[in-house]
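Here is the structure we will look at, set down as structure tokens.
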Amino acid sequence: GCGAAQGRLAHKLLHDLFANYSSALRPAEDTERALNVTLQVTLSQIIDMDERNQVLTSYLWVRQAWLDAHLAWDKDAYGGIDSIRIPSSYVWRPDIVLYNNADERFGGSMETNVVLRSDGHIMWDAPAITKSSCKVDVSYFPFDGQQCPLTFGSWTYNGNQIDLHNRLDTGDLTDFVENVEWEVLGMPATRNVVTYGCCSEPYPDVTYTLLLRRRASFYIFNLLLPCVLISFLAPLGFYLPADSGEKVSLGVTVLLALTVFQLLVAESMPPAESVPLIGKYYIATMTMITASTALTIFIMNIHHCGPGARPVPPWARRLILHHLARALCVCEVGESCGRPRREAVGGTGLQDAPGEGARPGPCPHGRCLCHHHVVLSSVSYIAGCFRRHRAAQRRAGEWKKVAKVMDRFFMWVFFVMVFLMSVLVIGKAA
């Protein structure tokens with residue numbers, strides 16, 4: 001019976017309150033005074049961050065509180081009823097909207113009940129899935145952080161009619177569901193008063209700045225680490241023997257692999273002028289691999305000079321074959337890195353074959369076939385061919401050694417470049 005009495009009193013209270021009430025007018029007894037509205041936002045979940053379209057989708061709980069002077073009652077006259085919960089469409093509600101809304105449907109808050117107290121204070125809690133525009137800076141992707149503002153304000157009432165304030169200095173994160181990609185560092189709230197060019201009245205708003213930091217583990221293991229490992233394969237192309245025929249194909253394969261990773265990064269990034277950090281690393285690595293492939297082609301051309309090539313210039317023999325080969329410990333068979341094989345006088349590196357250039361002495365018995373001029377000319381011709389063949393082999397061998405020394409030199413140069421680029425990227429990200 002007591003519960004039924006309370007129900008009849010609540011029904012009577014609702015009937016008495018809304019008998020002459022209009023939800024279309026601002027509930028202020030003095031129309032010259034502003035109505036105070038407090039706002040509190042609770043972040044429940046980050047649904048999605050679309051970097052390419054620069055849209056943040058989040059799940060919020062929006063709490064608004066204000067005083068409706070027309071809906072106060074004496075609780076003793078209604079059996080001590082201090083508060084009632086009624087549909088929000090029954091009462092006047094401030095038209096607080098998200099200014100930087102990026103939702104094509106402009107969906108507002110859910111139609112939930114409001115809590116109406118006996119002193120006329122109204123509290124309206126409504127969940128909302130919002131899509132807000134957020135300027136995404138991907139300069140340090142995947143080690144980047146973002147600042148996404150959520151600006152709330154009245155759409156039609158100015159500051160002389162509704163005075164909007166934030167209830168707390170920060171958004172509520174106690175019920176936040178952790179996101180696998182983004183870490184929330186904070187959500188400070190600031191109140192701003194803006195005067196627009198169209199109107200002379202002030203328009204207050206409350207801006208919640210969502211501070212985000214990307215969890216980079218996924219991108220390190222799926223984009224950055226494979227690129228580092230692939231880039232270390234490029235200098236090994238110089239270590240391959242020139243006769244293997246795989247030097248150029250290795251460089252082209254590595255270049256194609258990095259191009260695929262570059263396209264994966266470009267598809268998820270906004271088409272902005274700022275290039276992400278990982279994109280710069282890809283471009284620098286691709287440039288280095290292109291240069292290494294071009295140098296490989298040049299060195300292979302030196303290696304396959306052939307017997308008809310010119311002799312190695314003296315400066316190249318002194319710089320590459322002597323000093324650089326000794327520094328890089330490039331040795332031929334039978335040589336030592338500390339003491340390279342000395343060449344014979346005249347630069348041939350070969351001793352004359354027996355009978356080459358020697359004139360026959362007097363025959364001991366006065367009778368010898370050596371006096372026959374036909375035999376002498378044939379032997380001289382054979383000896384000359386043999387000398388020319390050995391000289392051509394020596395020239396080709398020197399050019400091959402030049403190519404080998406250059407291969408070893410550029411291999412270490414590019415190894416150092418890859419290491420420095422990797423350290424630079426990690427240091428800049430830190």
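Restricting attention to region 382-408, which residues are touching a Pro at 6+ places or on another chain (Cβ under 8 Å) and modelled with pLDDT of 70 or more?
Glu398 - this is the single residue of region 382-408 that is touching a Pro at 6+ places or on another chain (Cβ under 8 Å) and modelled with pLDDT of 70 or more.
Tally the residues that are among the aliphatic types (A, V, I, L, M), closer than 26 Å to Val136 by Cα and open to solvent by 50 Å² or more (accessible area, probe 1.4 Å), restricting the search to region 1-52.
1
Can you name every residue in region 227-257 that is touching a Pro at 6+ places or on another chain (Cβ under 9 Å) and among the aliphatic types (A, V, I, L, M)?
Passing the criteria: only Ala257.
Looking at region 139-178 only, could you name the residues that are surrounded by fewer than 17 Cβ atoms within 10 Å (Cβ to Cβ) and of a type in the set (S, T, N, Q)?
Ser139, Gln147, Thr156, Asn160, Thr170, Thr174
Against the conditions (1) surrounded by fewer than 17 Cβ atoms within 10 Å (Cβ to Cβ); (2) touching a residue at least 40 places away in the same chain (Cβ under 8 Å); (3) touching a Pro at 6+ places or on another chain (Cβ under 6 Å), where does Val193 fall short? Just the number, please.
So Val193 meets the others, but not (2).
Go through region 207-225 and report how many residues are assigned to a helix (DSSP H, G or I) and surrounded by 14 or more Cβ atoms within 10 Å (Cβ to Cβ).
Here the count works out to 4.
Looking only at region 70-105, which residues are open to solvent by less than 40 Å² (accessible area, probe 1.4 Å), part of a helix (DSSP H, G or I) and either touching a Leu at 6+ places or on another chain (Cβ under 7 Å) or touching a residue at least 40 places away in the same chain (Cβ under 8 Å) (or both)?
Across region 70-105, the qualifying residues are Leu71, Tyr78.
The values are calculated or read from the model by the stated rules, or taken from the named source; none is laboratory data. Remember, predicted model here, so these are calculated numbers, not experimental data. Glycine gets a Cβ as well: all are built from the backbone with ideal geometry, and neighbour counts include every protein chain shown. In case anyone asks, the SASA skips ligands and DNA or RNA and just uses the protein heavy atoms, side chains included. Shrake-Rupley method; radii C 1.70, N 1.55, O 1.52, S 1.80 Å.
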